[in-house]
1. Using modelled amide H (1.01 Å from N, peptide plane; none on Pro or chain starts), what sits under 5 Å from the amide H of Leu6, excluding residues fewer than 5 places away?
2. Through the Karplus equation 6.51 cos²θ - 1.76 cosθ + 1.60, θ set to phi - 60°, convert the phi angles of segment 102-107 into ³J(HN,Hα) values in whole Hz; use x for Gly and Pro.
3. Return one quarter of the surface area of the convex hull spanned by the alpha-carbon atoms of the chain, equal to its mean projected area, in nm².
4. Tell me, what HN-Hα J-couplings in whole Hz come from the Karplus equation 6.51 cos²θ - 1.76 cosθ + 1.60 at θ = phi - 60° for each residue of segment 70-78, using x for Gly and Pro?
5. Over the chain, what percent of the accessible surface lies on carbon and sulfur atoms, probe 1.4 Å?
6. Using the heavy atoms of the protein chains alone and a 1.4 angstrom probe, what is the accessible area of the chain per residue in square angstrom?
7. What FRET efficiency, computed as 1/(1 + (r/R0)^6) with R0 = 30 Å and r the Cβ-Cβ distance, is obtained for Val79 and Asp8, rounded to the nearest 0.05?
8. May I ask for the equivalent-ellipsoid semi-axes of segment 86-133, computed as the square root of five times each C-alpha gyration tensor eigenvalue and listed largest first in whole Å?
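The values are calculated or read from the model by the stated rules, or taken from the named source; none is laboratory data. Computed from a predicted structure; not experimentally measured. As a convention, Cβ positions derive from the backbone with ideal geometry for all residues, glycine included, and neighbour counts pool all protein chains shown. Surface areas here come from the heavy atoms of the whole protein model, side chains and all, with no ligands, DNA or RNA. Shrake-Rupley method; radii C 1.70, N 1.55, O 1.52, S 1.80 Å.
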Amino acid sequence: CNPAMLTDDVTFTDPVARCEGRCEVSEGFRALAAAAQPEQIDEPLAVSRDGEEGIVFHLHQRYFRGNKLLTLLMPDGFVLRSVLVVQTREADGGRICAIEERWNGAPLLSFSAFRFVRRVNGVVSSLLTPRVC
């Protein structure tokens, strides 16, 4: 994820974490790439939507293939289809202001306990790895 493409107040949210701000989001993507080694099974499919949805991408990815610790449980890695919703802000030169990943296309649970746990995971994750910014 190119930090220059992100607004200062960008957010990334998936079912387990929420990262806020350019540095935290950039670091989250860097750490994920290093730890999970994501690879595309199929090319991302971009579907432009009207309204508040932004640009929707359908992803089909594999994570952790070749990870020695997980090989016994998942010899081919962890395969996931997801929907990535990317919002941009024209006032910021069309840069990305929000990214939401919906695993298996399911909307994120919005109960306050889930929002709290996602945010704590995002903060803890960013503190445990070196910062990009």
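1. It is Ile96, by chain and number.
2. Values, residue by residue: 10, 5, 6, x, 6, x Hz.
3. Computed as one quarter of the Cα hull surface, the answer is 8.8 nm².
4. 9, 4, 5, 7, 9, x, 9, x, 9
5. Result for the chain: 59 percent of the exposed heavy-atom area is carbon or sulfur.
6. Accessible area per residue, the chain: 63 Å².
7. 0.30
8. Sorted largest first and rounded, they come to 22, 19, 10 Å.
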